[in-house]
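Values in this text are rule-based calculations from the coordinates and carry no lab data. If you're wondering where the values come from, they're calculated on a predicted model, not measured in any experiment. A quick note on method: Cβ atoms are made from the backbone with ideal geometry, for glycine too, and the neighbour counts reach across all protein chains shown.
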2 protein chains.
Amino acid sequence: MKPTTDKADPIARARDAFRARGMRWTPQRRAILEVLVGASGHVTGVELIERARLRDSETTPSTVYRTLDVLEELGLVSHSHGHDGREEFHVWPVSRHGHLACEACRATWEIEGDEALAITGSLTRKRGFVVNLSHLTISGLCSECNGRTGANPGL
Amino acid sequence: MKPTTDKADPIARARDAFRARGMRWTPQRRAILEVLVGASGHVTGVELIERARLRDSETTPSTVYRTLDVLEELGLVSHSHGHDGREEFHVWPVSRHGHLACEACRATWEIEGDEALAITGSLTRKRGFVVNLSHLTISGLCSECNGRTGANPGL
DNA sequence: ATCCGTCTTGAGACCTGTTGCAATAACGGC
DNA sequence: GCCGTTATTGCAACAGGTCTCAAGACGGAT
Ligand SMILES: [Mn+2]
Ligand SMILES: [Mn+2]
Ligand SMILES: [Zn+2]
Ligand SMILES: [Zn+2]
């Protein structure tokens, strides 16, 4: 029994992924990984910085954003953009979905399964374009807000 | 003959649209409108600021961005987001399309007509959600880059 | 245990917008 | 033409992120 090299430990697996690429395992990266393992749903960069500082009070923004970039390249997290353009992060591979966001009431929904396929499928078939579903945010007006707003010529 | 109230003049029509809403017609807004009338394709906010300053050297960023917001509400312009998240503006109603952007080679394509319908249609039918096509940017890998990259587990 | 090359960090400048607020100026009414 | 109301502007601070670069520290080799 070797608890410290437990293959199921996502932190240990991340550490190995870093090292296998010639990258280094630092306290800052460990803190961010710990935060991500304990996170769920959509989390903004600022929130991740705050939480990381609870583990390592020295953590700075540029380090967090850089680490998130690397983790995205490693396939461990993904990000999309909220209404104001702010980045929202997800931990892999919990859920792979797109986002639907109403510009009026600000409600959001997730796009998964068949619905996602309906959107990505035609692009893949006709253009060979592989959509990055996790990054996708489709904005517009939800059914409720659409009836409510007076004939919007745009959209 | 009244050239100054020519109904086909887009600047005059914009002025009337402002006034009809109780908004004011200012030199700054006029400068930005003139820039937009002379623009085509995708233009970033910074580019619009520079061009507006050629007409009215006093124009400041906040005024330009605020005017663009208003013009978007009036349905005269729309914006989407490039790779870095920067805003890119379009003049209405020249073209109403979505955007397809390859994350690897940075090439972009426009999504129009049937292709756009294939994407927006299912959301409208199943959810009553009206997609803001102009704001939509779908990212991923184009057919060329997809074959080239080594088995990316993400996306 | 120490060395060293190279990766990573932290600090601060920078970039694109956004926002609060006091000063300014459209514009409808007189 | 003046006035007063109120929309708009300009400024400066702010916010989320990115970038540069010198200083620091991983970690493989000895
Ligand atoms: Mn993004
Ligand atoms: Mn936007
Ligand atoms: Zn809504
Ligand atoms: Zn490409």
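This model, with +1 at the C-beta of Lys and Arg and -1 at the C-beta of Asp and Glu, gives region A:19-64 a dipole about its Cα centre of some 320 debye. Here the 3J(HN,Hα) profile of region B:96-112, calculated from phi with Karplus coefficients 6.51, -1.76 and 1.60 at θ = phi - 60°, is 10, 8, x, 10, 10, 9, 7, 6, 8, 8, 6, 5, 9, 9, 9, 10, 9 Hz, Gly and Pro shown as x. The distance from the alpha carbon centre of region A:64-141 to that of region B:116-150 is 11 Å, rounded to a whole number. Electrostatic bookkeeping for A:F18 treats Lys and Arg as +1 and Asp and Glu as -1; over the other residues with beta carbon under 9 Å from its beta carbon, the sum is +4.
The convex hull drawn around the Cα atoms of chain B, when projected onto a plane and averaged over every direction, covers 12.7 nm². Among the residues of B:137-145, the average count of other protein chain beta-carbon atoms within 10 Å of the residue beta-carbon is 6.
For the protein assembly as shown, the normalised intensity computed at q = 0.12 Å⁻¹ comes to -0.93 (log10 of I(q)/I(0), Debye sum over alpha carbons, equal scatterers, no solvent). Each Lys or Arg adds one and each Asp or Glu subtracts one; over the other residues with Cβ under 14 Å from the Cβ of B:D69, this totals -2. Placing a label point 7 Å from the Cα of B:D69 along the Cα-to-Cβ line, the residues of region A:63-87 whose backbone N sits under 13 Å from it are A:84.
For region B:97-149, the fraction of alpha-carbon pairs lying more than 16 Å apart is 47 percent, rounded to a whole number.
Between the amide H of B:S139 and those of A:N132, B:A101, distances stay under 5 Å, these residues lying 5 or more places away or on another chain, with hydrogens modeled in the peptide plane. The local environment of B:E115, defined by Cβ-Cβ distances under 11 Å, has a net charge of 0 under the rule Lys, Arg +1 and Asp, Glu -1.
Taking the DSSP bridge list for chain A and keeping only pairs wholly inside it, about 75 percent are antiparallel.
Dipole of chain A, Cα-centred, from +1 at each Lys and Arg C-beta and -1 at each Asp and Glu C-beta, to the nearest 20 debye?
Working: 20 positive and 20 negative charges, 129 e Å.
Taking the Cα centre of chain A as origin, the dipole is about 620 debye.
A cut-off of 5 Å between modelled amide H atoms, ignoring neighbours fewer than 5 places along the same chain, links A:T44 with A:F89.
Close amide H contacts of A:I111 (hydrogens built in the peptide plane, cut-off under 5 Å, sequence separation of 5 or more or a different chain): A:G98, A:H99, A:L100. Note on region B:97-149: with charges restricted to the Cβ of Lys and Arg (+1) and Asp and Glu (-1), its dipole about the Cα centre is near 280 debye.
The shape of region A:35-76 comes out oblate: with a ≥ b ≥ c from the C-alpha gyration tensor, a/c is at least 1.5 while a/b does not beat b/c.
Working note: 222 nm ellipticity from helices only, DSSP H runs with n ≥ 4, each -39,500 (n - 2.57), summed and divided by the residues of the protein assembly as shown, gives -13000 deg cm²/dmol to the nearest 500.
Structural size metrics of region A:10-91, computed from C-alpha coordinates, are Rg and Dmax of 12.0, 37 Å. For the residues of A:112-123, the average number of beta carbons from a partner chain within 10 Å of their own beta carbon is 4.
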